[in-house]
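J.: Quick one: the structure is below, and I'll ask about it shortly.
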Amino acid sequence: MNSQGLFIAAAALVLLGLCLAGCTALPAPKAEKLVFLTEEYPPFNYHEEGGQAGIAIDLLNETLRRLGTGQTATEVQFLQWDVAYNRTLSEPGTVLFATSRLPSRENLFKWAGPIHPERAVLFGLRQRNITIASASELSTHRIGVVRNDAAVQKLRDLGVPDSQLRIAEQQEALVEWLDAGEIDLFAYGELPGQQLAGSTGGNPLRIQPVFTLSEYQTYFAFNRNTSDETVARFQAALDRLSVEHDTDNVTVRDRIFGWYLPEVSLARTIFLTEEYPPLNSRANGTITGIGPDMLRAVIGQFNLTLLPDQLRLTSWTDAYRMVLNRNETVVFSTARTEDREGLFRWAGPIARLQYVVLADRDRMVRGDDLARYRIVTMRDDAAGTYLRALGVPDSAILSETDPAALVAALRNGDADAIAYPLITARALLARYGADPNRFEIVRTLGERDMYFAFNRNISPSVVQAFNQSLAALKTEKDAAGIAPYERILYNYVGVECTEAKANRTGAMMLVNLTAERIAADAPGTFRTINAGVSPYRDPADPEVYAFAYDTNLTMVAHAGNYRLVGQNYRGRTDVAGKAFRDEILATATVKGSGWVDYVYVNINESRLSLKTTYCRLVRGSDGRDYIVCAGTFKDCAA
């Protein structure tokens, strides 16, 4: 062997030795650069102010972070679905999500997932209570679909003729048509459909699935030329999200789901309250009251049942501090004060309370000189804020953490007066052995709406959904024509007068104006009334609005809540049992016009109040008779 050969052999031996010593330390092959494609399809993938969001977007971002490739979800391209789908079929390195993994697509892509199970369903309005027992019944309904959506062919396969399908270019039109009664049902994904209903206004739970078209899992779909190693590494990183837990022992995956899906978050949220009758109290071992009853009704709209451990009665101070410091907690019923505004996320109001200073008549306490007296209230209660604003020094304010101690301070002479909400103070005085009739109001401090206060780390979308459901309890009537909120308030508080000045003149003027316009153009006037705009709803006094029935007592227009349109109210009563709509019909048809009194929910003041409505019979431009109405709540002077 010559010298050159000896050199080559030696070099080979050196390289072989280096390999034997450290081959395992050689860098792994460089990861493929992937291009992620999706569409606007909340809650899975969508744009919001400040960037991109959604279940799939967040899962992707967390997966990429664990892969360590340097890519993030900010690189995701949002395209029309068919464009993104065809690109992923043809372009190496592309990934499409969230993609239904269907048998027909199985061999077209390589798959990583699942992201989340999903159903394609037909939605209907909850109040119409449409039921579909079998596919054969579908052909009798008008059904809205998005152009080029897979549901179109599915419905045709089930025997629905094209004449019964209404094609939408944009999905928002589906909910608008459903609310307006122009279609009976619409086809869409179950979760995105609820999101769609919320984004177009009103409570997303006003719609409900009535028929399932298909069920499937959503996945990340990789172009077929992507290496198996890349897909496997992605799958392993995605799987880690289901086993890694945070400090609250919640997995990363569940935390993401809870951020976007109210039913996931609310199923594990702890609701804390105090002894605060009639808003919250314990009776016969059950936590009850306005707040708990409303809470259970809201939770029920998400098809959940509030578990015993989720609702806890504790001291106000402990509950308040726990919600400030612990995720997935809520405290109620809480006054929404200026100093608390940024500490919580808010849902409500639950009810309105009047804060007062009460004192035994024999003590002759003067309300214009409160700083002279010892006044007891609950620690951290809004009453203390009122007292300090009036110049009462902290040395004169006795703070208790227990309702029994609050009353005991009055009975044993440690306090001269109590500062608290009026109805709550009277209930506690009676419960703990003091005669509430001996106590008089010596100073009215003000009124506050009471709320559910959510920990700041709970998703805004969850709180928004809770709020929308809460609002629906106040406005959407049951089969008897009564809102659930009305039943709850009537059970615990009864009927209260309004603090605002009654506007009988405004109601009468609005009825006369509306009647004239219906006589000139009934269809056009009804459309404008249902839009809820001036003059049919007064911006300065929104509780005065126009509404109209036909002579069968079917609502034909309503400026305050157009979702009541189309319902028949014959025989339906107010919460006190009065069939006031039948009385409106009789008054208008027999007398031509007049006033009718009844009990109704006072949304602006979160209470039940006596309402008086002016009604008038008018012949519309279409030759039909209508009853035009507008009302006002009776004030305390009346």
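J.: Within a Cβ distance under 15 Å of SER139, other residues only, what is the Lys/Arg minus Asp/Glu net charge? Intermediate results must be reported in sequence, preceding the final value.
T.: Details: positive: ARG142, LYS154, ARG156, ARG166; negative: GLU137, ASP157, ASP162, ASP184.
So the environment of SER139 carries a net charge of 0.
J.: Another question about this same structure. Let me check I've understood the local charge: for THR528, count other residues with C-beta under 13 angstrom from its C-beta, Lys and Arg +1, Asp and Glu -1. What total comes out? Don't skip to the answer; put the middle values down first.
T.: Details: positive: ARG517, ARG527, ARG537; negative: ASP521.
With Lys, Arg at +1 and Asp, Glu at -1, the net is +2.
J.: Give me the net charge of TYR614's neighbourhood, meaning all other residues with Cβ under 12 Å from the Cβ of TYR614; Lys, Arg count +1, Asp, Glu -1.
T.: Details: positive: ARG504, LYS591, LYS611, ARG616; negative: ASP597.
Overall, the nearby charge balance is +3.
J.: Something else: If you average the C-alpha positions of the range 585-621 and of the range 131-175 separately, how far apart do those two centres end up, in angstrom?
T.: 40 Å
J.: Show me 154-166, 454-466 ranked by packing, highest mean number of other Cβ atoms within 10 Å first.
T.: 454-466, 154-166
J.: Then there's this: Cα to Cα, under 15 Å, and not fewer than 8 places away if on the same chain: which aspartates and glutamates meet these conditions relative to LYS477?
T.: Result set, ordered by chain and number: GLU486, ASP574.
J.: Something else about it: Can you give me the orientation-averaged projected area of the convex hull built on the Cα atoms of the range 353-450, in nm²?
T.: Over every viewing direction, the Cα hull of the range 353-450 projects on average to 5.4 nm².
J.: Work out, in µm²/s and without decimals, the Stokes-Einstein translational diffusion coefficient of the chain at 4 °C, 1.567 mPa s, Rh from Kirkwood over C-alpha pairs.
T.: D, rounded to a whole number, is 45 µm²/s.
J.: Right, another one. In sequence order, what are the phi-derived ³J(HN,Hα) couplings for the range 578-590 according to the Karplus relation 6.51 cos²θ - 1.76 cosθ + 1.60 with θ = phi - 60°, rounded to whole Hz, with x for glycine and proline?
T.: Going residue by residue, I get 8, 7, 6, 5, 5, 5, 4, 4, 5, 4, 6, 7, 8 Hz, with x marking Gly and Pro.
J.: Under 12 Å from the Cα of LYS591, which aspartates and glutamates turn up, not counting those fewer than eight places away in the same chain?
T.: LYS591 reaches GLU583.
J.: Can you tell me what share of the DSSP beta bridges in the chain is antiparallel? A percent to the nearest 5 is fine.
T.: Roughly 80 percent of the beta bridges in the chain run antiparallel, per DSSP.
J.: Related question: Based only on other Cβ atoms within 10 Å, what is the fewest-to-most ordering of SER265, SER395, SER100?
T.: The fewest-first ordering by Cβ neighbours comes to SER395, SER100, SER265.
J.: Ordered by residue, what ³J(HN,Hα) values in Hz, to whole numbers, does the range 358-365 give under the Karplus form 6.51 cos²θ - 1.76 cosθ + 1.60, where θ = phi - 60° and Gly and Pro are x?
T.: Values, residue by residue: 10, 9, 4, 4, 5, 7, 6, 6 Hz.
J.: Using only Cα atoms, find the angle between the long axis of helix 422-431 and the longest principal axis of the chain, and express it within 0 to 90 degrees, rounded to the nearest 10.
T.: Result, in degrees: 80.
J.: Hey, another quick one. Could you name the lysines whose alpha carbon sits less than 23 Å from that of LYS33, not counting residues in the same chain fewer than 8 places away?
T.: Cross-link targets: LYS110.
J.: Calculate how steeply helix 3-22 sits against the longest principal axis of the alpha-carbon atoms of the chain, using the helix alpha-carbon long axis, and give the answer as 0 to 90 degrees to the nearest 10.
T.: 30 degrees
J.: Next up: Would you mind getting me the FRET efficiency between GLU341 and SER139? Use the beta-carbon distance for r and R0 = 45 Å, nearest 0.05.
T.: The calculated FRET efficiency here is 0.25.
J.: Which value, in debye to the nearest 20, describes the size of the charge dipole of the chain about its Cα centre when Lys and Arg Cβ atoms bear +1, Asp and Glu Cβ atoms bear -1, and nothing else is charged?
T.: Charge dipole of the chain: 580 debye, to the nearest 20.
J.: Going by how many other Cβ atoms sit within 10 Å of their own, how do SER134, SER609 line up, fewest first?
T.: On the way: SER134 8, SER609 24.
In order of increasing Cβ crowding within 10 Å: SER134, SER609.
J.: Taking the 0 to 90 degree range and rounding to the nearest ten, how far is the long axis of helix 504-520 tilted relative to the main principal axis of the chain, both from C-alpha atoms?
T.: Rounded to the nearest ten degrees, it is 60.
FYI, it's all coordinate maths here, none of it is from the lab. The structure displayed is predicted, hence computed values, not measured ones. Neighbour counts run over all protein chains shown; Cβ positions are idealised from the backbone, glycine included.
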